[in-house]
1. Condition first: in contact with a strand residue (DSSP E or B) (Cβ under 9 Å, 6 or more places away or on another chain), within 14 Å of chain A (Cβ to nearest Cβ) and at pLDDT 95 or above. Can you find one or more residues in segment B:90-107 that meet it?
2. Within segment A:26-39, restricting attention to residues that are crowded, with 16+ Cβ neighbours inside 10 Å and either in the same structural domain as residue A:162 (by TED's automatic domain parsing) or free of Cβ contacts under 8 Å to residues at least 40 places away in the same chain (or both), which residue is nearest to residue A:131 (Cα to Cα)?
3. Of the numbered conditions (1) away from DNA strand C (no atom under 16 Å from the Cβ); (2) crowded, with 16+ Cβ neighbours inside 10 Å; (3) under 30 Å from residue B:147 (Cβ atoms); (4) in contact (Cβ under 8 Å) with a residue 12 or more places away in the chain, residue B:106 fails exactly one; give the number of that condition.
4. Of everything in segment B:172-204, what is outside any helix (DSSP H, G or I) and touching a helix residue (DSSP H, G or I) at 6+ places or on another chain (Cβ under 7 Å)? Give them in sequence order.
5. With the structure loaded, tell me whether residue A:211 is buried (at least 21 other Cβ atoms within 10 Å of the Cβ), under 16 Å from the mean Cα position of the chain (by Cα) and touching a residue at least 60 places away in the same chain (Cβ under 8 Å) or whether it fails that test.
6. Just need a number here: residues in segment B:68-82 that are within 10 Å of another protein chain (Cβ to nearest Cβ) and within 16 Å of DNA strand C (Cβ to nearest atom).
7. Only one of A:49, A:23 is within 12 Å of DNA strand D (Cβ to nearest atom) and surrounded by fewer than 19 Cβ atoms within 10 Å (Cβ to Cβ). Can you tell me which?
DNA sequence: CGCCACAGACTTGTATGGTAGTGTCGACAA
DNA sequence: TTGTCGACACTACCATACAAGTCTGTGGCG
């Protein structure tokens, strides 16, 4: 209850550590290749080794870190190949979601989305990259929920995490972010119009756009890629 | 190396426990609603509570169990709604996979598949449900790998696990299993013919078929559903 | 007879000590 | 100089002990 300015104190220490480490990895405070250790993380966060261990195991499940038994744990490097596969899977799921959304879309979710887009547009104009990404996530969550398939979001979530890590390097400027917001609007317009093909195509372009800068980013930061 | 006849002794105790528990849950030896406990599992398998705990956490991530803090852990009941969503997501991913397979398909994987289907057909004729499912899994793995998207399988795997649990209740007879094998052949034929729409439609029907018995199964075993 | 309080036996969560395995670095011999 | 061997420091992994919360059953009271 005491105002958690930002560090949401989730239930268990393990979960808190997990979200905190995830944030740090996606935000590139922990750069790919960084060596971690249960003990160090535990000490640094003032908890025991057990929660730290469980957090690292969770992160290894979503391939944000790689734990090498009896050797150590490292932050996984960005893999172009895996990101291409990730985009492929995400495109398959999210285009299917928007297609379904054209048939039937939950009204509450539909209204929420308008608000999300508006707020996201403001953050985009302000160049607030982190808040922009937070509302981007809310948009895609509401899309899945509105289409009646929250499970789709659970599948997409981990994939999006990796894409977000790349986006941290892409350093979108305000116009680029505004363009992405406009793509969200295009998707929603197609859904409202009941145009499945148009919605799917808009989503496809949206996801393609996000990774377009990958070659440049890789050329500029080869040490972060594998 | 040394032939692991069946009880594949994976690396860590936690992982061994996880696969063993997963097998037991999918095989309905641990029925939905069963109460578990870290201590009991640890004792029963002759290890400490820690590996048992990690295994349960892993299973809770894929929603095979639900752990209620300070209260207990239960095997999740089968949810019709979630299974419908699961089919939706799986259909989205796997139809995309077969479409891509029509463009380019790895030759080694292609050859492996023929073998898988033949073996699976034999198990189907023999009415060996477990082995049938094992080769069904190998088929879908090879499909994803052959299409160059092993990540797609990782996404589908957990979903398929839940569908497999339902299939355990469906009690396919030999003709039904042979029909499913024939659907596999239809998918492959469409891929060989370079017919994306045909392949996708065949996959769609295949996945629809699997869940067709769900209403009957739910009516016969209401206590296993939520 | 019905209801409430309390005690005990559970549960998961956390902390800590000990173990086996791996890479590293330095001494030593060819 | 180079190749080899050995002690050491470090890791994740496992076992055990403790803490905190929840349900249950029971006994006393109204």
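The values are calculated or read from the model by the stated rules, or taken from the named source; none is laboratory data. Computed from a predicted model, the values in this text were never measured in an experiment. We place every Cβ from the backbone using ideal geometry, glycine too, and count neighbours over all the protein chains shown.
1. No, there is no match, as no residue in segment B:90-107 is in contact with a strand residue (DSSP E or B) (Cβ under 9 Å, 6 or more places away or on another chain), within 14 Å of chain A (Cβ to nearest Cβ) and at pLDDT 95 or above.
2. That would be A:36.
3. (2)
4. B:172, B:194, B:195 - these are the residues of segment B:172-204 that are outside any helix (DSSP H, G or I) and touching a helix residue (DSSP H, G or I) at 6+ places or on another chain (Cβ under 7 Å).
5. No; evaluated as a whole, the condition is false for this residue.
6. The total comes to 1.
7. The match here is A:49.
Here is a yes/no grid of residues against (1) farther than 23 Å from residue A:31 by Cα; (2) in contact with a helix residue (DSSP H, G or I) (Cβ under 9 Å, 6 or more places away or on another chain); (3) away from chain B (no Cβ under 14 Å):
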position	(1), (2), (3)
A:128	no, yes, yes
A:135	yes, yes, yes
A:155	yes, yes, no
A:162	no, yes, no
